[in-house]
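A.B. asks: Would you mind keeping the following structure in view while I ask a few things?
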Amino acid sequence: MGEFINFLQNNLADFWTYTGLYNASVGHIIMILIGIVFIYLAVAKEFEPMLLIPIGFGMLIGNIPFNMEAGLKVGIYEEGSVLNILYQGVTSGWYPPLIFLGIGAMTDFSALISNPKLMLIGAAAQFGIFGAYMIALALGFDPMQAGAIGIIGGADGPTAIFLSSKLAPNLMGAIAVSAYSYMALVPVIQPPIMRLLTTKKERLIRMKAPRAVSHTEKVMFPIVGLLLTCFLVPSGLPLLGMLFFGNLLKESGVTRRLAETARGPLIDTITILLGLTVGASTQASEFLTIDSILIFGLGALSFVIATASGVIFVKLFNLVLPKDNQINPLIGNAGVSAVPDSARISQTVGLEYDPGNYLLMHAMGPNVAGVIGSAVAAGILLGFLL
Amino acid sequence: MKMQLPGLFLGLALLAALSSCGKQKPNSKLLLNEVLVTNESNYQDDYGQHSAWIEVFNKSYTSADLAGWLIKCSCTPGDTTTYFIPKGDVLTLVKPRQHTLFWADAAPRRGTFHTNFTLQADKAIWIGLFDSGQALMDEVTIPAGALKANQSYARTSDASQQWEVKDDSADKYVTPSTNNRTIDSNPKKDKFSEHDPVGVGMAISAMSVVFMGLLLLFVCFNAIGKASVRSRTKHKKKSLQALDERKSAEAAAAAQAAIVPDEVMAAITLALHEAKGHGHDAERAILTIRPTEGSAWCDKRQNLREVPQRK
């Protein structure tokens with residue numbers, strides 16, 4: 001009997017070593033708290049709920065402590081576990097192109113086609129990527145890591161995941177969480193910079209209404225866009241190819257069902273899987289490092305640089321534009337590819353100064369150009385460094 | 001359109017010409033990569049024997065199967081031995097950028113990777129790799145007496161065009177079943193680390209490419225937009241012109257038909273009547289609208305409804 005009780009005690013003691021309570025560390029608790037903050041921001045403040053809810057909950061899933069040496073195959077970093085299988089879409093980089101397919105199928109490029117000079121704002125804002133790249137180098141990251149960190153400044157989560165999975169897989173969790181966090185915080189980060197860099201007179205500039213765009217132009221855009229950008233930067237093909245393909249599905253007018261699937265069920269499914277697994281990849285043992293903190297700092301800086309360079313570029317551009325065709329610098333921030341959040345910021349800030357000045361349609365131009373620009377920039381970094 | 005078609009063909013021809021400017025590379029994924037003829041103390045096979053070996057490399061980023069391929073060897077002209085690589089062995093599937101070694105020991109019963117010929121060091125050796133359709137995919141000729149014991153004849157690096165003798169020195173060592181040149185660094189990364197430690201070069205070059213890409217799109221869509229607006233204006237002008245033409249045609253037709261409204265006709269008749277002296281003092285007509293009597297329940301007019309029409 002005594003032996004049996006002894007057996008039970010040993011069994012329970014053994015079981016205790018498997019529990020989360022036994023294996024919990026301060027790191028796990030910190031990460032769980034961060035996850036809860038993400039969920040709070042999404043629910044209470046409605047900051048990018050589509051992203052922050054899956055990421056936040058993923059953080060909870062990824063930071064449930066367990067005995068890592070028991071071979072339970074439950075952790076995201078344990079080969080063969082369910083989470084690991086789902087995470088392969090991130091590590092092998094096939095979630096981001098599918099997200100881009102959906103983005104292409106839901107994006108209307110009319111604003112950009114009607115006023116193509118706005119594309120240049122999308123290019124200028126990519127300086128955030130390379131500004132952050134330079135700072136990351138100065139902080140001691142190697143060029144590949146610096147490139148992966150810099151892409152946060154493109155404000156494009158899928159692109160950041162895609163590039164970091166290739167250039168610096170060990171930093172991918174921190175980069176992805178940082179990119180998505182700052183995308184959610186666009187309404188907080190951008191307006192002060194926009195106000196700081198513009199005069200009251202500039203904020204009141206009214207832009208010409210965009211012209212109507214023909215169906216032919218809309219169909220031509222994805223085809224010409226793909227050929228021009230990918231002939232120049234073939235390494236951007238996975239992202240740009242899917243983006244323009246999705247857009248052709250939308251604009252051709254004859255593949256409505258495919259376009260609806262791409263911008264509906266498909267992108268939703270991938271967003272759920274991507275958000276959840278990226279969140280779960282922030283396992284405290286892998287995530288809580290000095291590098292992660294630096295990456296968060298650099299991410300914020302890259303957003304600031306990207307916003308500022310977009311606004312400053314518009315101001316400089318206005319110097320060469322005719323007086324009756326000036327651009328409101330408040331749409332410069334939209335050059336980062338946080339679609340459509342940064343365009344909405346342009347609209348909101350513009351309306352504060354002139355309640356009749358609707359900038360949303362104009363800001364959508366640089367905003368979607370930013371998507372193209374960041375994918376091109378990712379392709380360049382990949383081509384230069386890999 | 002007649003003017004545009006030659007331009008289009010010219011553009012395509014130019015593109016084709018530009019594409020063919022680069023030197024054409026061998027089409028095969030699988031290449032002969034390294035050969036060791038006299039194996040005294042080099043790599044051993046799975047029987048513990050030191051035999052000559054031939055290394056095949058899959059230069060592509062997809063797997064390639066050697067099953068059914070042929071390795072032909074000729075040490076004397078007109079005397080070619082052919083080894084048929086057996087089908088049905090999963091090991092013949094060469095993974096992307098990986099190597100496979102064949103032992104030239106004239107002992108094919110020892111397994112798939114043991115050929116039915118040997119290599120003779122004192123003679124020039126020709127080795128050919130043929131696909132299952134007997135098409136030559138790659139070949140190499142090792143000059144007579146070029147190799148001493150434990151030396152190999154190999155491409156300078158995997159799949160490169162140049163061959164050299166690997167004499168097992170520090171920088172030219174024999175590499176059975178592995179890369180001909182060990183990649184122990186990322187040259188691109190090292191280049192950036194060395195020449196661009198601050199990142200300015202990267203920023204300038206990358207931003208130039210980003211701007212160039214979007215500038216190309218801008219130029220292209222500026223032109224397309226202008227052409228579209230021009231074509232639409234032209235189309236609009238044409239339709240306005242057609243509308244005007246239609247209107248004037250209608251007016252002409254009406255004039256031709258000389259349709260006179262009834263009121264005009266009545267006024268003219270009255271005027272004629274007066275002119276002929278039939279008229280007298282002016283009379284006035286009064287139109288009176290009276291409210292209906294009774295409630296709506298008994299008013300017949302209230303109960304009249306339009307007959308529903310199926311559309």
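A.B. asks: Of A:V233, A:V254, which residue is among the β-branched types (V, I, T) and within 14 Å of chain B (Cβ to nearest Cβ)?
C.D. replies: The match here is A:V233.
A.B. asks: How many residues are within 17 Å of A:K218 (Cβ to Cβ) and more than 7 Å from every other protein chain (Cβ to nearest Cβ) when one looks only at segment B:218-228?
C.D. replies: Residues that pass the stated criteria total 3.
Listed here are the residues, each with its yes/no results for (1) aliphatic (A, V, I, L, M); (2) under 26 Å from A:M361 (Cβ atoms); (3) surrounded by fewer than 18 Cβ atoms within 10 Å (Cβ to Cβ).
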{"site": "A:G253", "(1), (2), (3)": "no, yes, yes"}
{"site": "A:E260", "(1), (2), (3)": "no, yes, yes"}
{"site": "A:A280", "(1), (2), (3)": "yes, no, no"}
{"site": "A:Q283", "(1), (2), (3)": "no, no, no"}
{"site": "A:L288", "(1), (2), (3)": "yes, no, no"}
{"site": "A:G310", "(1), (2), (3)": "no, yes, no"}
{"site": "A:V320", "(1), (2), (3)": "yes, yes, yes"}
{"site": "A:I327", "(1), (2), (3)": "yes, yes, no"}
{"site": "A:G332", "(1), (2), (3)": "no, yes, no"}
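A.B. asks: Follow-up. Exactly one condition in (1) at pLDDT 90 or above; (2) more than 9 Å from chain B (Cβ to nearest Cβ); (3) within 20 Å of the chain's Cα centre (by Cα) is false for A:G147; which is it?
C.D. replies: Looking at each condition in turn, A:G147 falls short on (2).
A.B. asks: Please go through segment A:205-227 and pick out each residue that is closer than 15 Å to B:A223 by Cα and in a loop (DSSP other than H, G, I, E, B). Give the steps one after another, and end with the answer.
C.D. replies: Step one: list which residues in segment A:205-227 are closer than 15 Å to B:A223 by Cα, which gives A:211, A:213-214, A:216-218, A:220-221, A:224-225.
Across segment A:205-227, the qualifying residues are A:R211, A:V213, A:S214.
A.B. asks: Out of B:G133, B:G145, which single residue is assigned by TED's automatic domain parsing to the domain that holds B:K59, modelled with pLDDT under 90 and under 32 Å from the mean Cα position of the chain (by Cα)?
C.D. replies: Going through B:G133, B:G145 in turn, just one is assigned by TED's automatic domain parsing to the domain that holds B:K59, modelled with pLDDT under 90 and under 32 Å from the mean Cα position of the chain (by Cα): B:G133.
A.B. asks: Which one is nearest to A:V376 (Cα to Cα) among residues in segment A:315-349 that are assigned to a loop (DSSP other than H, G, I, E, B) and of a type outside the set (V, I, T)?
C.D. replies: A:S337
A.B. asks: Still on this structure: Right, A:G157: buried (at least 24 other Cβ atoms within 10 Å of the Cβ) and within 14 Å of another protein chain (Cβ to nearest Cβ) or not?
C.D. replies: Spelling it out, it is not the case that A:G157 is buried (at least 24 other Cβ atoms within 10 Å of the Cβ) and within 14 Å of another protein chain (Cβ to nearest Cβ).
A.B. asks: Given the criterion farther than 21 Å from A:S214 by Cβ, part of a helix (DSSP H, G or I) and free of Cβ contacts under 8 Å to residues at least 24 places away in the same chain, identify the matching residue among A:R263, A:R257. Before the answer, list the steps.
C.D. replies: Working: A:R263 fails: free of Cβ contacts under 8 Å to residues at least 24 places away in the same chain.
When all the criteria are applied, what remains is A:R257.
A.B. asks: Sticking with this structure for a sec: Quick check on segment B:184-211: of everything there that is more than 8 Å from chain A (Cβ to nearest Cβ) and assigned to a helix (DSSP H, G or I), which residue is nearest to A:V219 (Cα to Cα)?
C.D. replies: Among those that are more than 8 Å from chain A (Cβ to nearest Cβ) and assigned to a helix (DSSP H, G or I), it is B:S208.
A.B. asks: What tally of residues in segment A:95-147 results from selecting those that are among the basic types (K, R) and crowded, with 22+ Cβ neighbours inside 10 Å?
C.D. replies: Total meeting the criteria: 0.
A.B. asks: Continuing with the same structure: Considering every residue within segment A:308-323, establish whether at least one is within 24 Å of A:N115 (Cβ to Cβ) and charged (D, E, K, R).
C.D. replies: Yes, because at least one residue in segment A:308-323 is within 24 Å of A:N115 (Cβ to Cβ) and charged (D, E, K, R).
A.B. asks: If you scan segment A:220-230, which residues turn out to be within 11 Å of another protein chain (Cβ to nearest Cβ) and either of a type outside the set (A, V, I, L, M) or buried (at least 17 other Cβ atoms within 10 Å of the Cβ) (or both)?
C.D. replies: A:M220, A:F221, A:V224, A:G225, A:L226, A:L228, A:T229, A:C230
A.B. asks: Shifting gears a bit: Give me the pairs: first residue in segment A:112-133 and at the interface with chain B (Cβ under 8 Å from one of its Cβ atoms), second residue assigned to a helix (DSSP H, G or I) and of a type in the set (D, E), beta-carbon distance under 8 Å, and six or more apart or on different chains, which are they?
C.D. replies: Final answer for the pair search is A:I113/A:E217.
A.B. asks: Could you tell me whether any residue of segment A:216-235 is over 30 Å from B:S228 (Cβ atoms) and either acidic (D, E) or touching a helix residue (DSSP H, G or I) at 6+ places or on another chain (Cβ under 6 Å) (or both)? Spell out the reasoning first.
C.D. replies: Let us first name the residues in segment A:216-235 that are over 30 Å from B:S228 (Cβ atoms), namely A:235.
Filter once more, so that each one left must be either acidic (D, E) or touching a helix residue (DSSP H, G or I) at 6+ places or on another chain (Cβ under 6 Å) (or both): A:235.
Yes: segment A:216-235 contains one or more residues that are over 30 Å from B:S228 (Cβ atoms) and either acidic (D, E) or touching a helix residue (DSSP H, G or I) at 6+ places or on another chain (Cβ under 6 Å) (or both).
A.B. asks: A follow-up question, please. Looking at the structure I just gave you, is B:R232 surrounded by 13 or more Cβ atoms within 10 Å (Cβ to Cβ) and within 11 Å of chain A (Cβ to nearest Cβ)?
C.D. replies: yes
A.B. asks: If you don't mind, another one. Condition (residue is under 22 Å from A:A155 (Cβ atoms) and of a type in the set (K, R)) applied to segment A:112-121: is it met by at least one residue?
C.D. replies: Yes, the conditions are met somewhere in segment A:112-121.
A.B. asks: Now for a separate question. Name the helices (runs of 4 or more DSSP H) wholly inside segment A:117-169 in which the number of residues that are closer than 16 Å to A:Y182 by Cα is 1 or more.
C.D. replies: A:127-138, A:143-150, A:157-167
A.B. asks: I want to confirm something. Restricting to segment A:155-205 and keeping residues that are within 17 Å of A:Q283 (Cβ to Cβ) and of a type in the set (V, I, T), which single residue is modelled with the lowest pLDDT?
C.D. replies: Top of the filtered list is A:V177.
Residue by residue, here is whether (1) in the same structural domain as B:C73 (by TED's automatic domain parsing); (2) over 25 Å from B:K123 (Cα atoms) holds:
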residue: B:M137; (1), (2): yes, no
residue: B:A149; (1), (2): yes, no
residue: B:E164; (1), (2): yes, no
residue: B:D171; (1), (2): yes, yes
residue: B:G225; (1), (2): no, yes
residue: B:R230; (1), (2): no, yes
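A.B. asks: Among the helices (runs of 4 or more DSSP H) lying completely within segment A:4-84, list those that include at least 3 residues that are surrounded by fewer than 16 Cβ atoms within 10 Å (Cβ to Cβ).
C.D. replies: Those helices (runs of 4 or more DSSP H) span A:20-23, A:26-44.
A.B. asks: Return the only residue of A:L204, A:L197, A:L249 being touching a residue at least 12 places away in the same chain (Cβ under 8 Å) and surrounded by fewer than 19 Cβ atoms within 10 Å (Cβ to Cβ).
C.D. replies: A:L204
Residue-wise test of (1) facing chain A (nearest Cβ under 7 Å); (2) in contact with a Pro (Cβ under 9 Å, 6 or more places away or on another chain); (3) closer than 19 Å to B:V140 by Cα.
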| site | (1), (2), (3) |
| --- | --- |
| B:A159 | no, yes, yes |
| B:D167 | no, no, yes |
| B:D171 | no, no, no |
| B:N180 | no, no, yes |
| B:G213 | yes, no, no |
| B:L216 | yes, no, no |
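A.B. asks: Only one of (1) of a type in the set (S, T, N, Q); (2) more than 9 Å from every other protein chain (Cβ to nearest Cβ); (3) in contact with a Lys or Arg (Cβ under 9 Å, 6 or more places away or on another chain) fails for A:S165. Which number is that?
C.D. replies: So A:S165 meets the others, but not (3).
This table checks each residue for (1) hydrophobic (A, V, I, L, M, F, W, C); (2) within 18 Å of A:T199 (Cα to Cα); (3) within 22 Å of the chain's Cα centre (by Cα).
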{"position": "A:Q326", "(1), (2), (3)": "no, yes, no"}
{"position": "A:G332", "(1), (2), (3)": "no, yes, yes"}
{"position": "A:R344", "(1), (2), (3)": "no, no, yes"}
{"position": "A:V349", "(1), (2), (3)": "yes, yes, no"}
{"position": "A:E352", "(1), (2), (3)": "no, yes, no"}
{"position": "A:N357", "(1), (2), (3)": "no, yes, no"}
{"position": "A:A369", "(1), (2), (3)": "yes, no, yes"}
{"position": "A:G373", "(1), (2), (3)": "no, no, yes"}
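Let's see how each residue does on (1) hydroxyl-bearing (S, T, Y); (2) under 26 Å from A:A378 (Cβ atoms):
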{"site": "A:V213", "(1), (2)": "no, no"}
{"site": "A:F221", "(1), (2)": "no, yes"}
{"site": "A:V224", "(1), (2)": "no, yes"}
{"site": "A:T229", "(1), (2)": "yes, yes"}
{"site": "A:F244", "(1), (2)": "no, yes"}
{"site": "A:L248", "(1), (2)": "no, yes"}
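A.B. asks: Sticking with this one: Filter the strands (runs of 3 or more DSSP E) completely within segment B:76-179 down to those with at least 1 residues that are under 18 Å from B:S60 (Cα atoms) and touching a residue at least 24 places away in the same chain (Cβ under 8 Å).
C.D. replies: Where strands (runs of 3 or more DSSP E) fall fully within segment B:76-179 and carry at least 1 residues being under 18 Å from B:S60 (Cα atoms) and touching a residue at least 24 places away in the same chain (Cβ under 8 Å), they are B:99-104, B:125-130, B:136-142, B:152-155.
The values are calculated or read from the model by the stated rules, or taken from the named source; none is laboratory data. Every value quoted in this text rests on a predicted model; they were computed, and no experiment measured them. Every residue, glycine among them, receives a Cβ derived from its backbone with ideal geometry; neighbour counts consider all protein chains shown.
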